[in-house]
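All of the numbers you see were taken from the coordinates with simple rules; none came from a lab. Bear in mind the structure is a predicted one, so any value in this text is a computation, not a measurement. Here the Cβ positions follow ideal geometry from the backbone for every residue, glycine too, while neighbour counts run over all protein chains shown.
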Ligand code: ATP
């Protein structure tokens, strides 16, 4: 579904991604782990062209999207839930959700809203409430719900568990599994919480200084001594 071929990306003189090869197949949950500053968020945003890949190619369902503007990419069925959630604090839950809907599919808005509310009933209860007054976990649900409003087939999640309490993290991970198994979404997940993220992943990649240094099944990476030492033992 998604393929990165030798993708590099820079911020001015700083190289954030170096020749990254990564594949996400339809129906998979793929987890990307790595230390702070390894380039995980850059990988996610480069898929939408900020920063643009300085070399290499990005293919979405076989089509080259490397040079497409972000709104055209979003229309092709890929949605990003950014790190830090980025909900609009002063707008209501309902308004935040509407912002996720693509203008072209007006007819589906009600249907998509119903789907989001059935996945996250708390958002329906709080639909008129300002997003800034929600708890961290509810804001994360809202950020995911907003992304789902564009009916993506591929969902990119950047650190969805960041800063949340353990119980809420479990809910978020359960939701990710349900989106994959029950709703058929393909998922690329970036996580600091490597253990839980690899547990739910079909496959995973380890990013270090902008390079993929290891890849394998979720189970294989969980058992790998390098991964254990660098990302699991301290967690
Ligand atoms: P974190 O988990 O801390 O978000 P990360 O793995 O997502 O880390 P990135 O945020 O992608 O890493 O950063 C990769 C590299 O690019 C780092 O060296 C970082 O300092 C640099 N970088 C990130 N954003 C910018 C920017 N806007 N301008 C300049 N350099 C940046």
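Does the range 14-21 contain at least one residue that is free of Cβ contacts under 8 Å to residues at least 40 places away in the same chain and within 9 Å of the ligand (Cβ to nearest atom)? Yes: one or more hits. Looking at the range 37-55, which of its residues are without any contact (Cβ under 8 Å) to a residue 60 or more places away in the chain and over 22 Å from residue 71 (Cα atoms)? Residue satisfying the conditions is 37 alone.
Hey, can you tell me all the residues within the range 56-74 that are touching a residue at least 60 places away in the same chain (Cβ under 8 Å) and surrounded by fewer than 17 Cβ atoms within 10 Å (Cβ to Cβ)? Show your work before the answer.
As a first pass, look at the range 56-74 and keep what is touching a residue at least 60 places away in the same chain (Cβ under 8 Å): 60-61, 74.
Of everything in the range 56-74, just one residue is touching a residue at least 60 places away in the same chain (Cβ under 8 Å) and surrounded by fewer than 17 Cβ atoms within 10 Å (Cβ to Cβ), namely 61.
Can you confirm whether the range 99-110 contains a residue that is touching a helix residue (DSSP H, G or I) at 6+ places or on another chain (Cβ under 7 Å), exposed (fewer than 14 other Cβ atoms within 10 Å of the Cβ) and in contact (Cβ under 8 Å) with a residue 12 or more places away in the chain? Taking every residue of the range 99-110 in turn, at least one turns out to be touching a helix residue (DSSP H, G or I) at 6+ places or on another chain (Cβ under 7 Å), exposed (fewer than 14 other Cβ atoms within 10 Å of the Cβ) and in contact (Cβ under 8 Å) with a residue 12 or more places away in the chain. No other residue among 201, 220 is touching a strand residue (DSSP E or B) at 6+ places or on another chain (Cβ under 8 Å) and within 24 Å of residue 17 (Cβ to Cβ) apart from 201. Taken over the range 1-24, the criterion of being outside any strand (DSSP E or B) and surrounded by fewer than 17 Cβ atoms within 10 Å (Cβ to Cβ) is satisfied by 12, 13.
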